[in-house]
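See structure below.
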Amino acid sequence: MYSKKVIERFENPKFVGEIKNPDAVGEVGNMKCGDVMKIYLKIEKGKIKNIKFKTYGCIAAISASDAMCELAKGKTLKQAEKITHEEIIEKMGGDVPQIKIHCSVLGTRALRKTIENYKNEKNK
Ligand SMILES: [Zn+2]
């Protein structure tokens, strides 16, 4: 069902973990396969300096989380908000089963939610 690249990323994710004293945290879930994705961000001068994730979910969700983090790291918040699930899928090797597309969409939702939380916190 999954391509080699997706499995490889699932087995060796680079961005899995937590950030101590993060600037922002965000969590989203999806009903379809019960994935829960939590994102930690460290932000410096409007850029994502560090990003980590904790995902409880299917292979596609974990692989998508890692691909999303790789795309987001080093980007400005504005650029990061514009990351699409198509880009995430491309980063995952371009081959994700149709019924698992929503897991990559979850990646973009998680990132946007975390950035939103950061902005809300700042504007308090
Ligand atoms: Zn999933």
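Below, the figures for the structure above:
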read-out: Residue match in the stretch 81-91 (condition: away from the ligand (no atom under 16 Å from the Cβ), in a helix (DSSP H, G or I) and in contact (Cβ under 8 Å) with a residue 24 or more places away in the chain); value: yes
read-out: Test set (1) in contact (Cβ under 8 Å) with a residue 24 or more places away in the chain; (2) more than 10 Å from the ligand (Cβ to nearest atom); (3) aliphatic (A, V, I, L, M) - LEU71 fails condition number; value: (1)
read-out: Flag if LYS5 is more than 16 Å from GLU116 (Cα to Cα), in contact (Cβ under 8 Å) with a residue 40 or more places away in the chain and away from the ligand (no atom under 16 Å from the Cβ); value: yes
read-out: Hits in the stretch 92-110 - residues which are farther than 15 Å from ILE39 by Cβ and within 14 Å of the ligand (Cβ to nearest atom); value: MET92, VAL96, PRO97, GLN98, ILE99, LYS100, ILE101, HIS102
read-out: Conditions (1) touching a residue at least 40 places away in the same chain (Cβ under 8 Å); (2) surrounded by fewer than 21 Cβ atoms within 10 Å (Cβ to Cβ); number of the one not met by ALA110; value: (2)
read-out: Positions within the stretch 63-80 being outside any loop (DSSP other than H, G, I, E, B) and more than 13 Å from the chain's Cα centre (by Cα), in sequence order; value: THR76, LEU77, LYS78, GLN79
read-out: Looking only at the stretch 12-62, and only at residues there that are assigned to a loop (DSSP other than H, G, I, E, B) and acidic (Asp, Glu), the one that is surrounded by the most Cβ atoms within 10 Å (Cβ to Cβ); value: ASP35
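Every read-out reported here was derived from the displayed coordinates using simple, explicitly stated rules and does not represent laboratory data. What you see is a predicted model; the values in this text were computed from it and never measured. Quick reminder, even Gly has a Cβ in these numbers, built from the backbone with ideal geometry, and neighbours come from all protein chains shown.
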